[in-house]
Amino acid sequence: MPPLSLLVGALAVMLMLLTAGVWISFAVGIGGVLALWPTVGVRTLTLIGLQSWDTTTSFVLVAIPLFVFMGEVIAGAGLVERLYAGVAKLIRGLPGDLVQTNIFACSIFAACSGSAVASAATMGRVAYGEQVVRRGYSAPLVLGSVAAGGTLGILIPPSIFFIVYASISDQSVGRLFLGGVVPGLMMSLAFMVYVAARCLMDPTLVPRDPAARRLTARQRLGGLRDIWPFVLLIVAVLGTLYGGIATPTEAAGVGASAALLIALGYRTLTWNALATAALGTVRTTAMLFAVIISAKLMAIALAYYGVPSMMKQFALSLASPYLLLLLISVIYLVLGTVFEDFSLMIILLPFVLPRVQAAGFDLIWFGVFMTVLLQAGLLSPPVGLNLFVIQGVTGAPLLQVIRGSVPFLVILLASAVLLVLAPPLALWLPSLAMG
Amino acid sequence: MGRLAALLEALSDAAGAVAAAAILVLTLMVTSGVAARRVFNAPFLFVEEVSGYVVLAIVFLGLAYTLRTGGHIRVDVVQDRLRGRARTALQAACLLVALAWSGFVIAGTWRIVAEYYTQSVLSFAYLQTPLWIPGSVMVVGGVLLALQCLAMLLRLRRQCPESKVR
Amino acid sequence: GHAQQYQWKLQSLLNAGHMGTDAEIWFASEVEKRSAGAMKITVYPGAALGFGGARIMTVVKDGLLEYAQMWGAHTAGELRINEVIELPGLIPYDLVLRKQIVQTLTPYWEKAHAERNIIPLGVAQVEPRNIYSRKPITSLADIRGMKIRAQGVVETDFTKAIGASPVTLSWEEVYPALQQGAIDGYWVTHSATFNAKLHEVAKHCYEVGLGGATWFLLGNRRTIEALPPELKKIVLDTGREASGRVWDRVDPDIKTFRDRLAKDGMTFTQASEQDMQVMLDAAQGVWADWTQKGGPVAKEMVDKIKVAVKK
Ligand code: NA
Ligand code: NA
């Protein structure tokens, strides 16, 4: 076993590179090389080549670009704006008014996209212009609601995170997807309740719009016209997945095709929109896989330094399995402030999973729990992907985005605690549907 | 110099366009695979294998384009606070690290592909594809990534803006 | 005892509890014991180091792992003779005969692996494979048109040859695919069915008992050759004994897992002699194709097997 100081040195260099602004996948890859080279020398190159090949040719991960493409087509064809308008008609006038629309529409879009980024970006652009600029809503509240609503994309199925987790943990993607449903809906409800409570306590946050209350029932139901294509899409994906037609990867293909057909039906699928959606998918796919490859390289490096057996010894020394859970969460959240959350999770999972299983936790449940933590990571400063995305599309100051997101972050962490106290929240639906 | 950079950027864009077309191919292939099995009861035996190769192509042909269009995520808090020369120097250093990583990717994937070729390794799946064929796309992708880093270094040196993304 | 001089890694693809992985865990602890602690091998079950089955020869060749579990069909794209004994119906299920054939063939494997800087320390053939299905199969006629998940080229060709419709699907997707009726059945063993809980969704087994995966315990040749003679002997001997432990588990595991499956409600149908003969006839074409692609060494090995079976 090589001396641990070499590993610590490599990790320190990696952190330095990350701070200096080196692209995350490259910095983690270089960190892996620095850690591996002293132990295996030039054979480090074999490891890079093997990880590149194995990761990109895995059939299970084929679902990632397809689920991303599905969301990009919806967004690129302008259907998110339609969804927003439809939801606004349907539920206007609640305390918090259009801010509620942000969360509700994000929840629906979450069921039509595999990632957290596409929905946050599109919804953020629409909501900021309409609510903050035009109507003078509180900027932090609006920014926080879309940043947090966007994170639902990885908890409400389909979810690319569940797909990666399933491939690392050998669990069923179908079960994990179902496991995310109840916590996802619960969380979106909690977000809405919070917004309502804030706005009732401080009416200046969202200026009253008398028009909102004058909507007739007929006008409200008209909103459904804009929403039903999304329902159709959700049914197409979940129906093929759970109705006996296709595997998760195939359901992703059906979903992407259905999104294309819906966009065609609305005549909003221009060549331009199609190219934008495909190129956007290329960017997300290349970025994600580059991160996964580097993270797996780093995971191998940790194994060569005996980190797994150290973790095992340590976990065995803990008195309670809940202590282990708490520790994992704390390590994750602390590292997650400086590390990119998705790559951090891929690095840690192979080492954490055997411990978690030995401690008696259900791996489907743990997958849902980790997803909630990952959501929290997307919102936690300074390195929170959704914070950057929202800042990028709205041009609002980062601090304002952070300030607005903190209350939602607290709700996410409270949900994680609730999930520990009541595991059936995640496990009831999968066992009901799949035995 | 500006012209060389523009040429390299055009390469990244072209590879990105091929990757984008591959997304459509992937969607069609996987969907028709479902239809073949469910509707026509005649499963395609190649879908699982080939879709893996298509994703490989999307990822590796997309790497350079993604770097060019800012799709690889990074933490730019420090860079944003710097101005002038210090900022340029830091950006150049980051690009050199990226260039180094592309070098490792090229060398690593080359090693695997060379073995696929010399040992005539075939896929373990039904088509028995000679693996060096899809494998070499990884090497191409690594080279494109390195060239894109080079283009960005050139732009940095001349302080001239990038050519427009098509 | 000796001070610890060697520290190595062994990756098993399957989890502890599987006969191959259990034999490897025993191998590691036994090597340490017999060398009085001079040689220590850490086992990583469940592919915990992240090396997939198909590329495992590259990993051992380069010494990134000193030891590893390998399965014949996974690596047949790289070295076809790794799967020769798996050809369906080529060797009947008779453990004594199977052991003897593996012994006869070992020099061929040793030679081919030596060229790749690898020593096959142990080789054995695990349980034969059956078809597990959602609907009962009472005869070969029922299989016609069924969508059966097959793994690798040989099994796919054979599935086609007996009139079913082969489907390629990764192992993780078999459970959901069965549950949703996307496939009708699959080829595997009793133990793998039980361990993946597939009997929750496939309640019937058509017992044909054909083939059987080839288990290899690989060692990096340079590492082993560089050892002092007495330590090298320990590694080689223990590897050979490890394969003995795998062989010894085959019969009991078939029985144990068959009982467990039956207890959980699985029904078993033994293929009739007539149907078995039809399948063996269909298999001839598959063997011929395979031998033709495999070249002279493969042909020599198949001929040796045929001679041994005839006796
Ligand atoms: Na989603
Ligand atoms: Na974070």
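Remarks
- Per-region count, the range C:48-67, residues open to solvent by less than 30 Å² (accessible area, probe 1.4 Å) and at positive phi: 1
- Residue in the range A:396-419 that is outside any helix (DSSP H, G or I), away from ligand 2 (no atom under 16 Å from the Cβ), open to solvent by 10 Å² or more (accessible area, probe 1.4 Å) and at negative phi present: yes
- Criterion applied to C:Leu178, C:Leu227, C:Leu198, C:Leu210 was being more than 22 Å from C:Ile137 (Cβ to Cβ) and of a type outside the set (Ser, Thr, Tyr), and the one residue passing it is C:Leu227.
- For the range C:68-80, residues that are away from every other protein chain (no Cβ under 11 Å) and either open to solvent by 10 Å² or more (accessible area, probe 1.4 Å) or under 13 Å from the mean Cα position of the chain (by Cα) (or both) total 2.
- Residue in the range B:71-84 that is closer than 21 Å to A:Thr57 by Cα, surrounded by 18 or more Cβ atoms within 10 Å (Cβ to Cβ) and facing chain A (nearest Cβ under 9 Å) present: yes
- Qualifying residue in the range A:381-388 (condition: away from ligand 1 (no atom under 16 Å from the Cβ) and away from chain B (no Cβ under 14 Å)): no
- Residue list for the range B:1-48, filter: among the charged types (D, E, K, R) and more than 8 Å from chain A (Cβ to nearest Cβ): B:Arg3, B:Glu9, B:Asp13, B:Arg37
- Test: residue in the range A:126-138 that is assigned to a helix (DSSP H, G or I) and within 16 Å of ligand 2 (Cβ to nearest atom): no
- In the range A:348-375, the residues that are over 15 Å from A:Ile168 (Cα atoms) and open to solvent by less than 10 Å² (accessible area, probe 1.4 Å) never reach a residue that is at pLDDT 90 or above and among the charged types (D, E, K, R) with C-beta atoms less than 7 angstrom apart, at least six apart or across chains.
- C:Glu127 vs. criteria part of a loop (DSSP other than H, G, I, E, B) and under 30 Å from C:Lys233 (Cα atoms): yes
- Residue within the range B:85-94 that is open to solvent by less than 30 Å² (accessible area, probe 1.4 Å), at pLDDT 95 or above and facing chain A (nearest Cβ under 9 Å) present: yes
- As a summary of the residue check, A:Ala110 satisfies the conditions (1) away from ligand 2 (no atom under 16 Å from the Cβ); (2) within 12 Å of chain B (Cβ to nearest Cβ); (3) within 16 Å of the chain's Cα centre (by Cα) except for the one numbered (2).
- Test: residue in the range A:147-168 that is surrounded by fewer than 24 Cβ atoms within 10 Å (Cβ to Cβ) and either more than 16 Å from ligand 1 (Cβ to nearest atom) or without any contact (Cβ under 8 Å) to a residue 60 or more places away in the chain (or both): yes
- Any hit, the range A:236-254, residues being β-branched (Val, Ile, Thr), in contact with a Ser or Thr (Cβ under 7 Å, 6 or more places away or on another chain) and assigned to a helix (DSSP H, G or I): yes
- Scope the range C:75-104; condition within 19 Å of C:Gly53 (Cβ to Cβ) and either among the β-branched types (Val, Ile, Thr) or touching a residue at least 60 places away in the same chain (Cβ under 8 Å) (or both); matching residues: C:Thr75, C:Ala76, C:Arg80, C:Ile81, C:Asn82, C:Glu83, C:Val84, C:Ile85, C:Glu86
- Failed item, numbered, when A:Met186 is tested on (1) modelled with pLDDT of 90 or more; (2) more than 14 Å from chain C (Cβ to nearest Cβ); (3) closer than 21 Å to A:Trp428 by Cα; (4) surrounded by 22 or more Cβ atoms within 10 Å (Cβ to Cβ): (4)
- All told, C:Gly89 falls short of being within 13 Å of chain B (Cβ to nearest Cβ) and under 16 Å from the mean Cα position of the chain (by Cα).
- Considering residues of the range A:152-179 that are away from chain C (no Cβ under 13 Å) and among the small types (Gly, Ala, Ser) only, the residue farthest from the chain's Cα centre (by Cα): A:Gly179
- Condition broken by B:Thr129, with the remaining ones in (1) surrounded by fewer than 18 Cβ atoms within 10 Å (Cβ to Cβ); (2) in contact with an Asp or Glu (Cβ under 8 Å, 6 or more places away or on another chain) satisfied: (1)
The values are calculated or read from the model by the stated rules, or taken from the named source; none is laboratory data. Keep in mind that this is a model prediction, so the values were computed, not measured. Backbone-built Cβ (ideal geometry, glycine too); neighbour counts: all protein chains shown. Just so you know, the surface numbers come from the protein's heavy atoms only, side chains and all, with ligands and any DNA or RNA stripped out. Shrake-Rupley method; radii C 1.70, N 1.55, O 1.52, S 1.80 Å.
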